[in-house]
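Before any comments, here is the structure.
The values are calculated or read from the model by the stated rules, or taken from the named source; none is laboratory data. All values derive from a computational prediction rather than experimental measurement. All Cβ positions, even for glycine, are placed from backbone atoms using ideal geometry, and neighbour counts span all protein chains on display. Side chains included, ligands, DNA and RNA excluded: accessible areas come from the protein's heavy atoms. Shrake-Rupley method; radii C 1.70, N 1.55, O 1.52, S 1.80 Å.
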Amino acid sequence: MEHDALTDEELLALESQYCSYGDTVHYLNDPPIFTHAEGVWLYGRGDIPYLDFQMWYSAVNFGYRNPEIEAAHQHQMETLPQVASQYLHRTKILLATALARETEQRFGQRGRVHFNVGGAQAIEDSLKVVRSQRGGKSLMFAFMGGYHGRTLAASEITSSFRYRRRFGHFANRAQFVPYPYCYRCFYGHSSAHAATKGRSRREEIGTGEGSCGFECLRQFAQLFETEYYGVIDRKDNATEYAAFYMEPVQATGGYIIPPIGYFSKLADLLRQYNILLVDDEIQMGFYRTGRLWAAEHFGISPDIVTFAKSLTNGLNPLSGLWAREELINPTAFPPGSTHSTFSSNPLGTAAGLATLEYIRRHDFSTIVVEKGAYLLGRLRELQNRYPVLGDVDGLGLALRVEMTKPDGFTPDRALADRIFQAGMQGDTQVGGKCYGLVLDIGGYYKNTFTLAPALTISYEEMDLFVELFEILIRRCLE
Ligand SMILES: Cc1ncc(COP(=O)(O)O)c(C=O)c1O
């Protein structure tokens, strides 16, 4: 079979016959087949440029084919591309050191780093650290709308029953509590709805006059009041729960940004009951929100941090966790606690080290905040003209647009889906040229565009996005 000579139609016929449908490809009718990538662009269907506003679910924060990161990867390719994870190599040691030092600077705690390959595997490893620290306890708290991966153990702390229903239960389990999704408050506080529409400051949600006073936190804290609520033995305050898994900005749940003050209060409560706090930065880490770790925005110091995706700018699978020294020192987590053949693969650790060096050479804490503010402003202009953009919000370059009915609140999944499919057609014209637009849909009602452009995007490219997005909205409203 001459690979290069196959047409897209022939490839799609092979795909339908030989590829499992278990992954998420078939959410899209008529998927394009991409051939190359550069910066913020993917190319497919006769070289049509697709402006990518999801960047491999935030795994390529620093742009496709980033020359500096690619050069380090290439150098590793030519020197030590393969070596078993039981042996040491320079870039593993240097990357762990850099991540541990950066994290210590931010959270004020010494710790160590353990590598693996995918996000879900890092979550699995974190469950091992937690469970071995808490006498094998297998119950966790996690958020409604949270996503931590789809291996069996990660699915147990991911809220959607849909991801579990065919497979039965695994050996740990989460109790899911409401995330502070103020636009659609679980407890029905309407003041929160207005506040998230940019009409009042995020800082005031939960604490400002007439606000809810963090009702969701109050409800959670109440669980610890009596043993009859099922989580605590009041005799010595022992709880049945080992850890709380959180995303500082809920990612697959729809890029939901919590109000300031929420997480620090939650962390205080967990500390009181000796429950570990696990900060899942797999999607929001590496400056997506304008900080290395998104949790930095909220003044907390987690016990464990998990990361993956943009650690290598998507070049080579590599994930990992950082844990406080007490949880992961060689006695607490001895050799053989976990292992995977590819866990600290040298191409991944070289790309990871180059990514951190790239970050050091650019001031992303300023760049991302400025670009994010610009794009959010442009999207809010669109919101003023199109009431079907029910909620528009953002932290750095993690932005959300919730598509609704014209009442600005009732979720409109069908509209979001039409816009998404139309963007992927690659036939949206601007200045006489055809473009595609790559979007991602998330959220509790599958009506939310979770926008994750490359942090290296230019202002012209952001303007082009707004133009393409508006054309698609108009086309799909007709
Ligand atoms: C917050 C979060 N945790 C965990 C995962 C799982 O990562 P992976 O898909 O690499 O297994 C994801 C993936 O999207 C994620 O967004």
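Residues in the range 4-21: is at least one closer than 28 Å to residue 291 by Cβ and surrounded by 12 or more Cβ atoms within 10 Å (Cβ to Cβ)? Lay out the reasoning, then the answer.
Of all residues in the range 4-21, those closer than 28 Å to residue 291 by Cβ come to none.
No: the range 4-21 contains no residue that is closer than 28 Å to residue 291 by Cβ and surrounded by 12 or more Cβ atoms within 10 Å (Cβ to Cβ).
When residue 399 is tested against the conditions (1) crowded, with 22+ Cβ neighbours inside 10 Å; (2) in a strand (DSSP E or B); (3) among the hydrophobic types (A, V, I, L, M, F, W, C), the lone failure is (1). Inclusion of residue 404 among residues that are surrounded by 19 or more Cβ atoms within 10 Å (Cβ to Cβ), farther than 23 Å from residue 24 by Cα and over 25 Å from the mean Cα position of the chain (by Cα) is not warranted.
For residues in the range 146-162 being more than 11 Å from the ligand (Cβ to nearest atom) and open to solvent by less than 60 Å² (accessible area, probe 1.4 Å), which is nearest to residue 122 (Cα to Cα)?
Taking the range 146-162 as the starting set, the residues that turn out to be more than 11 Å from the ligand (Cβ to nearest atom) are 152-153, 156, 159-162.
Pick out the ones that are also open to solvent by less than 60 Å² (accessible area, probe 1.4 Å) and you get 153, 156, 159-160.
On the way: 153: 11, 156: 14, 159: 18, 160: 19 Å.
Out of the qualifying residues, it is 153.
Of the residues 374, 435, 444, the single one that is among the hydroxyl-bearing types (Ser, Thr, Tyr), in contact with a helix residue (DSSP H, G or I) (Cβ under 9 Å, 6 or more places away or on another chain) and assigned to a loop (DSSP other than H, G, I, E, B) is 444.
Results for (1) surrounded by fewer than 24 Cβ atoms within 10 Å (Cβ to Cβ); (2) in contact (Cβ under 8 Å) with a residue 24 or more places away in the chain, shown as yes or no for each residue.
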residue	(1), (2)
121	no, yes
128	yes, yes
140	no, yes
165	yes, no
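Checked against (1) within 16 Å of the ligand (Cβ to nearest atom); (2) open to solvent by 10 Å² or more (accessible area, probe 1.4 Å); (3) closer than 23 Å to residue 250 by Cα, residue 177 passes all but condition (1). Among residues of the range 36-64 being touching a Pro at 6+ places or on another chain (Cβ under 7 Å) and under 19 Å from residue 466 (Cβ atoms), the one that is most open to solvent (accessible area, probe 1.4 Å) is 41. Looking at 455, 468, 472, which is the one that is in contact (Cβ under 8 Å) with a residue 40 or more places away in the chain and under 21 Å from the mean Cα position of the chain (by Cα)? Only one candidate qualifies: 455. Residues in the range 120-145 that are near the ligand (Cβ under 7 Å from one of its atoms) and closer than 21 Å to residue 444 by Cα: 120 alone. Residues in the range 387-396 that are open to solvent by less than 30 Å² (accessible area, probe 1.4 Å) and outside any strand (DSSP E or B): 388, 396.
Would you confirm whether or not the range 314-332 contains a residue that is small (Gly, Ala, Ser), away from the ligand (no atom under 11 Å from the Cβ) and within 21 Å of residue 349 (Cβ to Cβ)?
We begin by selecting, within the range 314-332, every residue small (Gly, Ala, Ser); these are 314, 319-320, 323, 332.
From what is left, the residues that are away from the ligand (no atom under 11 Å from the Cβ) are 320, 323, 332.
From the residues that got through so far, the ones that are within 21 Å of residue 349 (Cβ to Cβ) too are 320, 323.
There is at least one residue in the range 314-332 that is small (Gly, Ala, Ser), away from the ligand (no atom under 11 Å from the Cβ) and within 21 Å of residue 349 (Cβ to Cβ).
Close Cβ contacts (under 6 Å, 6 or more residues apart or on different chains) running from residues in the range 280-307 that are within 16 Å of the ligand (Cβ to nearest atom) to residues that are open to solvent by 10 Å² or more (accessible area, probe 1.4 Å) and of a type in the set (Gly, Ala, Ser) comprise 282/119; 289/396.
Identify, from the list 261, 254, the residue that is more than 16 Å from the ligand (Cβ to nearest atom), open to solvent by less than 30 Å² (accessible area, probe 1.4 Å), in the same structural domain as residue 309 (by TED's automatic domain parsing) and of a type outside the set (Val, Ile, Thr). First the steps, then the outcome.
Numbers: 254 fails: more than 16 Å from the ligand (Cβ to nearest atom).
Just one listed residue meets the conditions, 261.
The set of residues in the range 22-35 that are open to solvent by less than 90 Å² (accessible area, probe 1.4 Å) and not β-branched (Val, Ile, Thr) comprises 22, 26, 28, 30, 31, 32, 34. Could you tell me whether any residue of the range 54-71 is away from the ligand (no atom under 16 Å from the Cβ), over 20 Å from residue 453 (Cα atoms) and in a helix (DSSP H, G or I)? The answer is yes, given that some residue of the range 54-71 is away from the ligand (no atom under 16 Å from the Cβ), over 20 Å from residue 453 (Cα atoms) and in a helix (DSSP H, G or I).
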